[in-house]
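Enquirer: Would you mind keeping the following structure in view while I ask a few things?
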Amino acid sequence: MHDFRRTVKEVIRVVKVCESTLRKRLTEFEDTPTSQLTIDEFMKIDLEEECDPPSFTAGQKKLKIQQLEKALSKKLEDFEGEISSYQDEIEIELENSRPKAKESLLGPLPTAASLGITESIKDSRKS
């Protein structure tokens, strides 16, 4: 700048960043309106529009995405709870609509005592 040619190594030594950081910042600068100006325009024109550094806007986007994911997760939990309650209601209705098991058409089954054969059963066990 200012008619002085500098190598990448000289810039790195002065600004005290590694080459990959310098390249990343230059790539980010390409995404700004200022990068479209010539050197003369850059020195003379003061752009009315300001913009945040790309690393800042990327952080803002990441934060917004996290907030949206959290909100969607909460809504999903609410819907799952609602679906679960509907499933429970459906199962209750199905259970209530099924025909109840009635006693045998002949009535309750007789027991050995009611038939009076308890003694004969005891006798058959002894032998």
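Just so you know, all these numbers are worked out from the coordinates, no wet-lab data involved. Since this is a predicted model, take the numbers as computed values, not measurements. Backbone-built Cβ (ideal geometry, glycine too); neighbour counts: all protein chains shown.
Enquirer: Sticking with the crude label model, points 7 Å out along Cα→Cβ, report the distance from residue 95 to residue 119 in nm, one decimal please.
Expert: It works out to 4.8 nm between the two label points.
Enquirer: Still on this structure, I have one more. Looking at the square roots a ≥ b ≥ c of the eigenvalues of the Cα gyration tensor of segment 53-96, which shape do they give, rounded for a/c under 1.5, prolate if a/b is larger than b/c, or oblate?
Expert: prolate
Enquirer: First check a/c for segment 1-51, with a ≥ b ≥ c the square roots of the eigenvalues of its C-alpha gyration tensor; if it is under 1.5, answer rounded, and if not, answer prolate when a/b is larger than b/c or oblate otherwise.
Expert: oblate
Enquirer: For an R0 of 30 angstrom, estimate the FRET efficiency from the Cβ-Cβ distance between residue 44 and residue 13 and round to the nearest 0.05. Let's see the in-between values first.
Expert: Details: r = 30 Å, r/R0 = 1.00.
Calculated value: 0.50.
Enquirer: Each residue of segment 65-79 in turn: what ³J(HN,Hα) in whole Hz from Karplus with 6.51, -1.76, 1.60 and θ = phi - 60°, glycine and Pro shown as x?
Expert: Along segment 65-79, the couplings run 4, 5, 5, 5, 4, 5, 5, 5, 4, 5, 4, 4, 4, 4, 5 Hz.
Enquirer: Using +1 on the beta carbon of Lys and Arg, -1 on that of Asp and Glu, and nothing else charged, what's the dipole of segment 53-96 about the Cα centre, debye to 20? Intermediate results must be reported in sequence, preceding the final value.
Expert: Values: 6 positive and 10 negative charges, 203 e Å.
In total the dipole reaches around 980 debye.
Enquirer: Turning to a different aspect of this structure: Want the number for residue 52 to residue 78: 0.36 nm per residue separation, take away the alpha-carbon distance, what's left? Can you show the working numbers first?
Expert: Details: separation 26, 0.36 × 26 = 9.36 nm, distance 3.70 nm.
Gain on stretching residue 52 to residue 78: 5.7 nm.
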